[in-house]
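Here is the structure we will look at, set down as structure tokens.
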Amino acid sequence: VYPVTEPLLRSETETREPLPGLAESWELSEDLLTWTFKLREGVEFHDGWGEMTAEDWKFVWGLAIQEDSVRGSASVYRAAVGGDIDNFEIVNDYEFKLHSPEPVVTLPAILVNGTDSLTVHSKAYYDEVGAEQAFSHPIGTGPFKFKELTPGVSVTYEAVEDHWRKTPEHKELELRVVPDEASRLAQVRTGEVDLAGISLELLGEAQAAGVKIISIAKVGLSDMYFGGMYPGDHDHQDKHDPDAPWIQDDAPEQGWAIREALTVAIDRQSIVDNILLGEGEATAAPLVFFPGVGLRTDPAWEPPEYDRARARELLAQGGYPDGFEIDFPIFAQSGRPAAVPIAEAVAAMWEEIGITVNRRPIDFSAVWRPAIETRSTAGSINQFSQTYRDEAANRIGSTNVPSGGAGHWYYHRFDEFLTAARS
């Protein structure tokens, strides 16, 4: 969909500051409760489906906030209109306002953030042909228009002449599905394809073959999530695990000691050097970034020092001198570097300090996502690699979820803090 459609805002490559996209300008009211967007005039949908207007944006916003929406940032889009699409006010064809009961000042950071950002589709086209046709043959305003799809094989686009941004340099764009990485690299080497993603496992071979390698900063991060952490979630109170070694509601200082033990037992730099092959950075807040530090953590903060002896001391302080047993779901994540090797490395490091780690290779979409949607995470700890977000409040808010969606943990006081931080 990306070549075909466009977002309201874009971001400057180096500073990540929001820039005009299909919205020429935007502003927030003094009381922080109303966003006003002014749209670019004269932007046409492909194949004669008319001019983009505020009506099209109200349509896609309504889709994004539906109750069964699986969009990761749906909660932010809902908050921006107070959960009610009637709070999306169309002023005229080229201007709309979003009215929200509480401030959502992190909205621009979501609007520019790749998979989080909304892109515009033609409401008239959707209404005429229906959802299935509209999404199998998308009509947007982007620099390429949809041409042909062979499911599981390829999708082809053709350049839009005199596009408002610029006419693409290439008349045609083809995206191919090539699951086998060795085949993908071979096709790049022979010139059969011009550009391809590559895993770290084949990086050395690609470099030896003289292939040009481009490393893009701030693309993702890796975190560890402790299961059963849902205190004060009234929708899932029975899912909170007060007796977990890393929680211990009756002795919170011991739960803290266990969490610190598991933290200092991870050799972050070894993961960066040996799994990410230097294409990343150890950080204090998450486990590692791939590659490079982002705005979620202060560069002045030092990563926790790797210290197995200290980890064992902390286990004893936490009441578990001989360790304990955990379930450790391990799953591949599409487009997210080295998720499985990182998880395996952490599991091995924890075993070295006496933790019994039950590795459970599973499918993320079929097994683990439903588990975090229903808060069924007691007794488990998992590694999760995520796409990068500029706003820390948006990243944390996507995991500290009160109800609905994939909430890795939830605490109402933290939720109150996030609401204040967004203001």
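The values are calculated or read from the model by the stated rules, or taken from the named source; none is laboratory data. The shown structure was predicted, so the numbers you read here are calculated from the model rather than taken from an experiment. Positions of Cβ are backbone-derived with ideal geometry, glycine not excepted, and every protein chain shown enters the neighbour counts. To get the accessible areas, we keep the full protein, side chains included, count just its heavy atoms, and leave off ligands, DNA and RNA. Shrake-Rupley method; radii C 1.70, N 1.55, O 1.52, S 1.80 Å.
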Which condition does Y230 not pass, out of (1) part of a loop (DSSP other than H, G, I, E, B); (2) surrounded by 18 or more Cβ atoms within 10 Å (Cβ to Cβ); (3) over 25 Å from the mean Cα position of the chain (by Cα), if it passes all the others? (3)
When every residue in the range 397-423 that is in contact (Cβ under 8 Å) with a residue 24 or more places away in the chain and within 22 Å of F289 (Cβ to Cβ) is compared, the one surrounded by the most Cβ atoms within 10 Å (Cβ to Cβ) is G397
Restricting attention to the range 231-280, which residues are among the basic types (K, R) and either under 30 Å from I214 (Cα atoms) or touching a Pro at 6+ places or on another chain (Cβ under 8 Å) (or both)? R268
(1) over 23 Å from V219 (Cβ atoms); (2) outside any loop (DSSP other than H, G, I, E, B); (3) within 22 Å of the chain's Cα centre (by Cα); (4) not charged (D, E, K, R): which one isn't true of I110, the others all being true? (1)
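A quick yes/no check of all residues on (1) in contact (Cβ under 8 Å) with a residue 24 or more places away in the chain; (2) of a type in the set (S, T, Y); (3) open to solvent by 20 Å² or more (accessible area, probe 1.4 Å):
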| site | (1), (2), (3) |
| --- | --- |
| P299 | no, no, yes |
| P304 | yes, no, yes |
| A316 | no, no, yes |
| Y320 | yes, yes, yes |
| E325 | yes, no, yes |
| R336 | yes, no, yes |
| T356 | yes, yes, yes |
Inspect the range 275-289 for any residue being at pLDDT below 95 and assigned to a helix (DSSP H, G or I) and give the result as yes or no. yes
Tally, over the range 233-262, of residues that are open to solvent by less than 40 Å² (accessible area, probe 1.4 Å), out of contact with any His (no Cβ under 8 Å at 6 or more places or on another chain) and not hydrophobic (A, V, I, L, M, F, W, C): 6
Can you tell me which residue in the range 1-42 is surrounded by the most Cβ atoms within 10 Å (Cβ to Cβ), limited to those that are over 19 Å from the mean Cα position of the chain (by Cα) and at positive phi? L32
Out of (1) over 20 Å from E260 (Cα atoms); (2) surrounded by 15 or more Cβ atoms within 10 Å (Cβ to Cβ), the odd one out for R312 is which? (1)
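For (1) closer than 16 Å to I326 by Cα; (2) out of contact with any Cys (no Cβ under 9 Å at 6 or more places or on another chain); (3) in contact (Cβ under 8 Å) with a residue 12 or more places away in the chain, each residue gets a yes or a no:
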{"site": "D223", "(1), (2), (3)": "no, yes, yes"}
{"site": "F226", "(1), (2), (3)": "yes, yes, yes"}
{"site": "M229", "(1), (2), (3)": "yes, yes, yes"}
{"site": "W246", "(1), (2), (3)": "yes, yes, yes"}
{"site": "R259", "(1), (2), (3)": "yes, yes, yes"}
{"site": "D273", "(1), (2), (3)": "no, yes, no"}
{"site": "L277", "(1), (2), (3)": "no, yes, yes"}
{"site": "G280", "(1), (2), (3)": "no, yes, yes"}
Checked the range 76-90 for anything touching a residue at least 24 places away in the same chain (Cβ under 8 Å) and more than 13 Å from W26 (Cβ to Cβ); matches are V76, Y77, A79, I85, F88, I90
